[in-house]
1. Does L81 satisfy the condition of being open to solvent by less than 30 Å² (accessible area, probe 1.4 Å), farther than 18 Å from K160 by Cα and at pLDDT 90 or above?
2. Being at pLDDT 90 or above and surrounded by fewer than 13 Cβ atoms within 10 Å (Cβ to Cβ), is that true of even one residue in segment 90-106?
3. Would you mention how many residues in segment 111-163 are part of a helix (DSSP H, G or I), among the charged types (D, E, K, R) and either surrounded by 13 or more Cβ atoms within 10 Å (Cβ to Cβ) or modelled with pLDDT under 90 (or both)?
4. Would you confirm, using the coordinates I've provided, whether R72 is outside any helix (DSSP H, G or I) and over 13 Å from the mean Cα position of the chain (by Cα)?
Amino acid sequence: MQEVLANDSRQMSDRELVLRCQQGDSASFQQLYQRYQQRVRSTLYSLCGAAMLEDLTQDVFLKAWKGLSQLRQASTFGTWLYRITWNVAQDQRRRFAVMRQEQTEEALSDRTAPPQVTPDLLRLHYQDLVQRGLKQLDLEHRVVLVLHDLEDIPQKEVAKILDIPLGTVKSRLFHARKALRQLLQSEGVSL
């Protein structure tokens with residue numbers, strides 16, 4: 001019987017799960033958590049790095065749980081959750097700006113050339129370059145690039161999440177891509 005309920009929950013829309021949560025059903029919130037936690041973690045990692053990733057993820061979902069009763073349009077849960085994620089990331093960056101600078105400098109000084117280039121090492125090298133490039137972008141440009149290019153969120157929804165005009169999203173995306181492209185090219189990556 002419990003398995004049947006679990007299958008029903010997985011097939012429910014975000015809207016149905018949110019409405020159940022608003023009626024006090026914590027199991028429905030667990031389904032929303034399972035549905036979104038990897039995307040939230042990925043976004044937070046791209047915006048804030050690995051430090052405190054677990055705590056930040058939990059903070060996002062705690063704020064979501066506490067604020068669910070205030071959500072008026074249950075069908076916009078995903079956009080609303082990304083907005084919370086963005087706010088948590090901004091708060092983290094404000095609190096730990098100095099610590100992040102030290103971590104960035106340490107990460108850059110710890111880089112060593114791989115003894116042998118294999119496809120896996122090469123992929124890790126490119127991932128490292130992209131992460132360093134993201135860290136060099138200011139937060140406003142980074143978040144647009146992460147949400148749109150890495151999380152595949154449409155530009156209109158990114159504008160809603162960040163509460164900025166669509167034209168600003170497009171402009172920031174253009175400049176972020178250009179800066180990232182320049183960094184990759186300076187590191188010898190041909191695009």
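1. Details: open to solvent by less than 30 Å² (accessible area, probe 1.4 Å): yes; farther than 18 Å from K160 by Cα: no; at pLDDT 90 or above: yes.
Answer is no for this residue.
2. Residues of segment 90-106 that are at pLDDT 90 or above, as a first pass: none.
No, every residue in segment 90-106 fails to be at pLDDT 90 or above and surrounded by fewer than 13 Cβ atoms within 10 Å (Cβ to Cβ).
3. Keep residues of segment 111-163 that are part of a helix (DSSP H, G or I), which gives 119-136, 139-150, 155-162.
Next, from what is left, pick out any that are among the charged types (D, E, K, R): 120, 123, 128, 132, 135, 140, 142, 149, 156-157, 160.
Next, from what is left, pick out any that are either surrounded by 13 or more Cβ atoms within 10 Å (Cβ to Cβ) or modelled with pLDDT under 90 (or both): 120, 123, 128, 132, 135, 140, 142, 149, 157, 160.
Number of matching residues: 10.
4. Details: outside any helix (DSSP H, G or I): yes; over 13 Å from the mean Cα position of the chain (by Cα): yes.
The answer is yes for R72.
The values are calculated or read from the model by the stated rules, or taken from the named source; none is laboratory data. All of these numbers come straight from a predicted model, not from anything done at the bench. As a convention, Cβ positions derive from the backbone with ideal geometry for all residues, glycine included, and neighbour counts pool all protein chains shown. SASA here: full protein model, heavy atoms, side chains in, ligands and nucleic acids out. Shrake-Rupley method; radii C 1.70, N 1.55, O 1.52, S 1.80 Å.
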